[in-house]
1. Select from region 119-146 the residues that are touching a strand residue (DSSP E or B) at 6+ places or on another chain (Cβ under 8 Å) and assigned to a loop (DSSP other than H, G, I, E, B) and write down the one among them that is surrounded by the fewest Cβ atoms within 10 Å (Cβ to Cβ).
2. Can you tell me which residues in region 368-389 are closer than 17 Å to residue 462 by Cα and without any contact (Cβ under 8 Å) to a residue 60 or more places away in the chain?
3. Name the residue that is surrounded by the fewest Cβ atoms within 10 Å (Cβ to Cβ), counting only residues in region 317-349 that are at positive phi and within 16 Å of ligand 4 (Cβ to nearest atom).
4. Are there any pairs, at least 6 apart or on different chains, whose C-beta atoms fall under 8 Å, with the first in region 129-158 and over 30 Å from residue 214 (Cα atoms) and the second part of a loop (DSSP other than H, G, I, E, B) and within 16 Å of ligand 1 (Cβ to nearest atom), and if so, which?
5. Before we move on, is residue 291 within 22 Å of residue 155 (Cα to Cα) and within 16 Å of ligand 3 (Cβ to nearest atom)?
6. Residues to consider are 298, 333; find the one that is away from ligand 3 (no atom under 16 Å from the Cβ) and assigned to a loop (DSSP other than H, G, I, E, B).
Ligand code: DUC
Ligand code: ZN
Ligand code: ZN
Ligand code: ZN
């Protein structure tokens, strides 16, 4: 039978190889990959383009409430619009438990926020902030069985931090239920100590966030998380790894055969802590405040080695969008944040620029192959988070989630061209070679040349067990 869609003449790239072929799509799935697909209802000419599995951004924050009056700049509508425009077909935001409340109720609330609003497919990681007996014994096991097969825990932040005892209990549940644990590894007490010292010395500008969230504190917590994972015999993902020191802990663990996986993000290759200085140690620096903070050029070089040698399997945005100037008190620039870096909301937008930055800095500059680019941005996230091979693959039977990529297109990142809700981008002025030109979700074009042009047809994806667990 004939196809709904034929994509012709492009170079298909997977995590393992590249080849010239046509793709035939029917009912939202890839049904044919061959030299010549016969006539289809819709024809797309991909001559001169790369044909990639749609990007999967496995680490984004959308519509998360905050406890300090600041407001996230993206809801599911604008966040997934931005994701689709940037070449993504699936995003994995967090459903965050608020302490003192039911984890299941929190998940239900996020489904309500997402329902009917999404331009990409969506699935949720959980955030466990209150591991009560009820949560550990009933809610979490039931949620994992319902297809929420990964969850994040935090080793810092007053509202989220788990003690070592709690981490061990949560890891134990993960092993029993075959869930994958994501760890925010920064040592809480070390950060609090550094913060107090800096404030005592009057060092309160946004820049000092980077000193308070020291790489030593990240390295220590990374090692502690690895030890707890070894003790409980559970695989973990260290998320948003910022530099050489924590990366070496991960390599240390891998050499011993421990089940430790790692993610890094655009800010650790495209920014340094000097960006937090702003113009002259001024409040502009708040635009770059995120946790862990970007480090130095030596760390950037280490991260590139890790992206090349497989230390990192995941490259995610950690899109955590705030306004710089929001309405009164809702943005990074709020009265309390002016008194100390410790009140500046931690996070930067990046879901739309993740793929262009890695392609341009990585593939176009010859640091990584385009196959590695696909592995880091689509195939590995699908494998590690239970979406493979329906997602993250160009293969017969897979969802027709496809991004057409022009490797030669050159353009500059500009806030005015982006679709996200934030009023700035930390990557303003960055010159990029290689851009997505068409995003296809289950056979339907959702975005072209950085603009969304279809209805919000994104669907929720229940997930299977991680390949890291099985
Ligand atoms: N952790 C994240 O994963 N994102 C933003 C801030 C943070 O601490
Ligand atoms: Zn985190
Ligand atoms: Zn792995
Ligand atoms: Zn994050």
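The values are calculated or read from the model by the stated rules, or taken from the named source; none is laboratory data. Not measured: the values here are computed from a predicted model. Every residue, glycine as well, gets a Cβ built from its backbone with ideal geometry; the counts of neighbours run over all protein chains shown.
1. 129
2. 389
3. Across region 317-349, the extreme among qualifying residues is 347.
4. Partner pairs satisfying both residue conditions: 135/97; 135/128; 140/128; 148/124; 149/385.
5. The answer is no for residue 291.
6. Working: 298 fails: assigned to a loop (DSSP other than H, G, I, E, B).
Of 298, 333, the one residue that is away from ligand 3 (no atom under 16 Å from the Cβ) and assigned to a loop (DSSP other than H, G, I, E, B) is 333.
Matching residues to (1) surrounded by fewer than 20 Cβ atoms within 10 Å (Cβ to Cβ); (2) at pLDDT 95 or above; (3) out of contact with any strand residue (DSSP E or B) (no Cβ under 7 Å at 6 or more places or on another chain); (4) within 24 Å of residue 383 (Cβ to Cβ):
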| site | (1), (2), (3), (4) |
| --- | --- |
| 271 | no, yes, yes, no |
| 282 | yes, yes, yes, no |
| 286 | no, yes, yes, no |
| 295 | no, yes, yes, no |
| 302 | no, yes, yes, no |
| 312 | no, yes, no, yes |
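One line per residue, one yes/no per condition, for (1) more than 16 Å from ligand 1 (Cβ to nearest atom); (2) surrounded by fewer than 17 Cβ atoms within 10 Å (Cβ to Cβ); (3) part of a loop (DSSP other than H, G, I, E, B):
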site	(1), (2), (3)
23	yes, no, no
59	no, no, no
62	no, no, yes
68	no, yes, yes
95	no, no, no
108	yes, yes, no
